[in-house]
Amino acid sequence: MLKHLKSQDDFSEKSLGAKGFTLIELLVVIVILGILAAVVVFAVSGINDRGQESACVTEARTVRTAQEAYYAENGTYAVAGAGLVPGFLSKTPTLVTDTSTAGAIALAWAGDCVGTASTP
């Protein structure tokens, strides 16, 4: 390929800068790409933690909503989540433990939610 470029008539007429990139130009581009990569790494560093916390809060809201729907239908809350699956929930919650009594909803964090999510 280099022989092909050198054989062109206008190759010898070009100045040194017009023949290709200089080492300084290449280094500047590499430094800029490195800075951009560092910014991206720090921007996405805590995504897993925030996602887990969001999943815990969402499941707590879902169980609370299912308990309220059970209450609307039966006039009392389901005791410890009994009767919520499959009628009101599609599966048993894994991130929230339902310890509700017949008179009140009581939820506690379980599994991966311990110490990561705010109060349900």
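A short reminder: the numbers here are calculations on the coordinates, not readings from a lab. Since we're looking at a predicted model, the values are computed, not measured. Methodologically, a virtual Cβ is constructed for each residue, glycine included, from the backbone with ideal geometry; neighbour enumeration extends over all protein chains shown.
With +1 on each Lys and Arg Cβ and -1 on each Asp and Glu Cβ, and nothing else charged, work out how big the dipole of region 51-113 is about its Cα centre, in Debye to the nearest 20. Present the calculation step by step, with values, prior to reporting the outcome.
Working: 3 positive and 6 negative charges, 14 e Å.
It comes to approximately 60 debye.
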remark   = Calc'd 3J(HN,Hα), region 60-77, phi into Karplus 6.51 cos²θ - 1.76 cosθ + 1.60 (θ = phi - 60°), Hz, glycine/Pro = x, comes to 4, 5, 5, 5, 4, 5, 5, 5, 5, 5, 5, 5, 5, 7, 10, x, 8, 7
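Using Cβ contacts closer than 10 Å as the measure, can you line up T62, T92 from fewest to most?
T92, T62
Find the percent of Cα-Cα distances in region 51-113 that exceed 13 Å, and round it to a whole number. Intermediate values should be presented prior to the final figure.
Working: 1093 of 1953 pairs.
Value for region 51-113 (Cα pairs over 13 Å): 56 percent.
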query = How high is the relative contact order of region 51-113, in percent, counting Cα pairs under 8 Å that sit 6 or more residues apart?
reply = 33
note = Taking a crude spin-label model, label points 7 Å out from Cα along the C-beta direction, the V29 to A80 distance in nm is 6.7
